[in-house]
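Quick note: the coordinates plus some simple rules give every number you see, no bench work behind them. Just so it is clear, the structure is predicted and the values come from calculations on it, not from any experiment. So basically every Cβ, Gly included, is an ideal-geometry build from the backbone, and we count neighbours across all protein chains shown.
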Amino acid sequence: MNKNNNEKPFSLKGKGAAVGIVICFVAVIVMVGAYTFNNYEKKMDAQLAKAEEETDELTKEKSEATTTNDIVLPEAEGNTSTENDTEDSENSTQDDAAADTNTAGSAAEVYFDANSLLTWPASGAVLINYSMDQTVYFSTLEQYKYNPALVIGGEVGEVIGASAAGIVSNIEQTAQTGITVTLDMGNGYSAVYGQLKEVPLEIGDYVAAGETVGYMSEPTKYYSVEGPNLYFELLKDGNPVNPMDFMES
């Protein structure tokens, strides 16, 4: 009995020591783990901070590059546009100067007055004379009317030349005279050429005496009986005057 009692305390003491060792070992492991974890967190934080810093630098560089491009490129385009505008302006000025010179030269050559003469614009005879003081008979219409122009016969397709120099002031098409061209001859005088086709002119063109105004066309329904003809009217300040008073003999 005494022997058993002496052994029991010794056994409890040994177990307590073992438990203490285990606890110490676990504590050491926990401390080492905590230290290692803290170091790991610090390293991760450092790496994340460095990555964020690098990202910020890249973003800043990209932003600066973009801003630089945004500033430089429009300036380059603006300069190009300015140069082009300057060239266009110079070309336009040169063209305007040339146009003014041509117009001035043409205007100087356009002159007609009471003593000027007209050449015959068509090859045929006069079918209906100018008459504003009494009426004349129109065969197609079968009636008497005043006639403010000469109706001159000819052949379809023949060239109609300008009776005097002038500048084209109007080109129109009417039921009575078909395609009709008006030339401003200066000093209020204008010549009207009707019953034309294939007119090679535009408004503003200068036409020298004898130069083609157009070609004789088929007659309109107002002159079907008279046949192919040129409607030739002379105006002074918008009023008809007798072309025969100016025709060369």
Checklist line | Overall dimensions of the stretch 104-160 as given by Cα atoms, namely Rg and Dmax in Å | finding: 15.7, 48
Next item on the list: Give me the number: length gained by fully extending THR140 to LEU117, i.e. 0.36 nm times residue separation minus the C-alpha to C-alpha distance, one decimal in nm.
Entry: 5.2 nm
Notebook entry, point to check: Quick one: Debye curve from the C-alpha atoms of the stretch 125-249, no solvent, what's log10 I(q)/I(0) at q = 0.11, 0.15, 0.17, 0.20 Å⁻¹?
Noted result: -0.34, -0.64, -0.84, -1.17
Checklist line | Inter-site label distance for ALA175 and THR212 at 7 Å from Cα along Cβ, in nm | finding: 3.2 nm
